[in-house]
Structure formats: structure tokens, C-alpha cells
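Nothing in this text is a laboratory measurement; each read-out follows from the coordinates by a stated rule. The shown structure was predicted, so the numbers you read here are calculated from the model rather than taken from an experiment. Glycine also receives a Cβ, built like all others from the backbone with ideal geometry; neighbour counts cover every protein chain displayed.
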Amino acid sequence: MPRPADHSARDRSIRVNSYTTVRRRGSVPHDDFRAYWRDVHGPLCSRLPGLGWYVQHHFEREQDGHLWPVVGGVAPLPGYVLDGAVEIGFASDADQQTFQDASPLLFSDEQNVFDESLAYELPGGSLTVLDTQPDPVPNGPDRADRLHVHLSARPGALDDLRAAVRGPLADALLQDEDLVKLRLHDSEPREADAPLPPAPHVAHHAPAGRRDLVVVELAFTSRLARRRALDAAAVQRALLEVSRHASAATAFAVSGVHVFVRDGALTLAGLRGSRPAELVERLAALNQTTAEVGALFRRG
């Protein structure tokens with residue numbers, strides 16, 4: 001069966017990107033954390049000027065035991081636990097500066113639900129290699145099996161790791177017809193205690209294994225399809241090459257993807273909140289999507 005149409009080109013307008021990992025504050029119930037991040041923090045971030053791209057990836061701590069194979073002794077980083085990741089992107093450096101000038105309004109909010117947030121700069125943007133998902137602004141869970149794999153580079157081997165991922169690993173993964181999405185986040189090296197983002201009362205320390213990362217974002221048609229794909233001989237050979245340059249490979253299962261801003265425009269989730277937008281979609285409340293209703297919420 002031929003693979004569905006590829007929509008990866010639509011992400012090219014975002015030329016500057018950042019990838020931020022987050023961990024919830026332990027005293028905050030998980031449901032409250034997710035609700036606050038989606039419906040309070042999310043719409044606040046969405047309204048800051050200059051923003052061209054804003055996506056929340058919610059991770060699930062409870063996951064199956066086959067997310068990512070251990071090849072060449074490259075196992076998960078001990079004690080590495082996250083609750084999600086954020087992409088914040090811009091069409092230009094000038095737009096990024098505009099956003100940064102207004103960002104104290106956003107970062108002062110992180111302390112309410114985040115115990116830790118670590119931002120990784122991607123001045124060259126992220127690379128979408130494949131995306132067969134027709135909807136450009138997903139909001140919530142879907143039937144695809146999604147994961148983010150954080151590959152920790154060995155000392156001095158970050159460039160070699162990037163090359164192994166973009167070359168042999170990407171080529172091997174693309175051979176599988178059940179691959180839905182492949183997106184690569186090649187971040188700049190991170191200083192151990194850089195206050196990025198500059199959120200008060202939130203931890204920003206990056207231990208050694210989390211300073212030089214290559215993040216592989218993947219989606220397959222199902223969990224079984226993912227297991228078959230990662231067990232394939234071509235992928236296993238590519239992972240052996242990756243293991244020469246990686247010290248750890250930590251995979252995180254994705255429970256939901258929520259897009260708040262795309263191409264500089266608010267989505268319904270960005271305008272109304274992620275869960276209200278899901279309700280509008282679920283109940284087919286077309287009247288809630290009209291320009292007149294939107295204008296009421298934009299004017300405030």
C-alpha cells in the first residue's frame with residue numbers, strides 16, 4: 001500500500017526554533033498539571049507577539065516496555081523523567097526578539113506547575129523529514145503511536161551523532177510504510193546551569209547526559225507497527241552506527257499533541273484553550289468557529 005501524501009514542506013516557514021523539556025511540580029496533581037498547561041499557560045503563551053509556532057507535546061509516564069531498543073549498549077539515561085516538551089518557533093530572528101521582549105509575562109507563570117524546564121536552542125530550526133498527518137493543527141490524542149527519543153551525545157561526538165541520525169537512521173526508518181512522522185531537533189549544546197528559559201523558581205540544571213542532545217520525533221500507525229519497524233534489520237544496523245556516537249537513548253511516549261500557533265496565527269486551541277477547542281470539535285459546534293465569535297474572544 002502506498003504511503004499517504006507527505007505534508008512536511010508546510011513546516012519550513014519556521015526558521016528558528018527551540019525545544020523545551022518540562023517536568024511537573026510534584027505537589028501538583030497530574031490532571032491539574034495537564035489542564036493548567038493546556039488551558040491557562042497555553043493561551044497565555046499563544047498571545048505573545050512574534051510567535052510563529054507553538055506546540056505542546058504531552059508525555060505519558062506509564063508506557064510499554066518496547067518504546068526504543070537497546071542497541072550497542074545504548075540504554076536510557078537513569079532517572080530521566082519528563083512530562084512533556086514544547087516547541088516555540090519563529091519565522092525570523094527579529095520575531096524571536098519581539099517574543100523574548102514580552103516573555104517575562106509567560107515565564108513568571110511556569111512556577112505554578114513546572115518543577116523543571118530546560119530550553120534547547122535550534123537556531124537553524126527543526127527538520128520535518130516526513131509528515132503524513134493531514135491536519136496541520138492537531139489538538140489532543142490520535143490513533144498514531146508517537147514518541148520522542150532523546151539521544152545523548154558522547155563527549156565531542158555531537159556532530160557525528162547528528163550525521164548518523166540524519167543519514168543512516170533516517171534513511172532506514174523511511175523504508176517502513178507504517179511511519180507516519182519523522183521530525184529531527186538538532187539542538188545547540190546546552191550549558192549546565194543556563195537560565196533557559198528564564199523562569200523564576202523553576203530548576204534549569206542540565207546534568208551531563210542532557211547537555212548535548214539530538215531529539216528524534218517519531219510516529220507510527222500503531223504500537224505493533226513501531227515494534228516491527230524498530231526490529232527491522234536496516235534500523236538495527238543504523239542504530240549500531242548511532243551507538244558509536246551516543247551514550248544514552250531515552251524514549252518518551254506521547255499522549256497528546258496540541259498546536260496553539262501555526263504560521264503566526266492562533267489556532268482554535270490558542271484562542272480558546274486546548275480542552276474547549278476539543279469540545280467544539282467533538283460536538284461539531286460550527287458556530288463557535290465563526291469569525292464573529294473569534295473576534296469577541298480576540299477583543300477581550
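Assorted remarks:
- The Cβ shell under 15 Å around residue 202 holds other residues with a net charge of -3, Lys and Arg each +1, Asp and Glu each -1.
- Spin-label pair residue 240/residue 286, simplified geometry with 7 Å Cα→Cβ offset, distance in nm: 5.7 nm
- Geometric descriptor of the range 17-143, per residue, is 150 Å³ (volume of the convex hull of the Cα atoms).
- Take every Cα pair under 8 Å whose residues are at least 6 apart in sequence, average their separation, divide by the length of the range 232-279, and the relative contact order is 19 percent.
- The ranking of 58, 258, 30, 150 by Cβ neighbour count inside 10 Å, starting from the fewest, reads 30, 58, 150, 258.
- Against the chain, whose longest principal axis comes from its Cα atoms, helix 233-243 is set at around 90 degrees.
- Along each principal axis, Cα extent of the range 134-179, largest first, Å: 38, 23, 17
- Dividing the mean sequence gap of close Cα pairs (under 8 Å, 6+ apart) by how many residues the chain holds gives a relative contact order of 31 percent.
- Mean Cα-pair separation over length for the range 208-289, i.e. relative contact order, pairs under 8 Å, 6 or more apart, %: 14 percent
- Subtracting the Cα-Cα distance of residue 163 and residue 265 from 0.36 nm times their residue separation leaves 33.4 nm of extension gain.
- Computed from the C-alpha gyration tensor, the three semi-axes of the ellipsoid equivalent to the chain are 30, 23, 18 Å, from longest to shortest.
- R0 of 45 Å, Cβ-Cβ distance residue 109-residue 293: FRET efficiency to nearest 0.05: 0.95
- Each Lys and Arg contributes +1 and each Asp and Glu -1, all at the Cβ; summed about the Cα centre of the chain, the dipole is approximately 320 debye.
- Computed [θ] at 222 nm, helices only, for the chain once each DSSP H run of length n ≥ 4 contributes -39500 (n - 2.57): -7000 deg cm²/dmol
- Angstrom value of the Kirkwood radius, inverse mean 1/r, which spans all Cα pairs in the range 163-276: 16.9 Å
- GNM top mover of 194, 229, 206 - the chain, alpha-carbon springs below 10 Å: 194
- Distance histogram for the range 172-237 (every C-alpha pair counted, 5 angstrom bins, percent rounded to whole numbers): 4, 15, 17, 15, 11, 11, 12, 10, 3, 0
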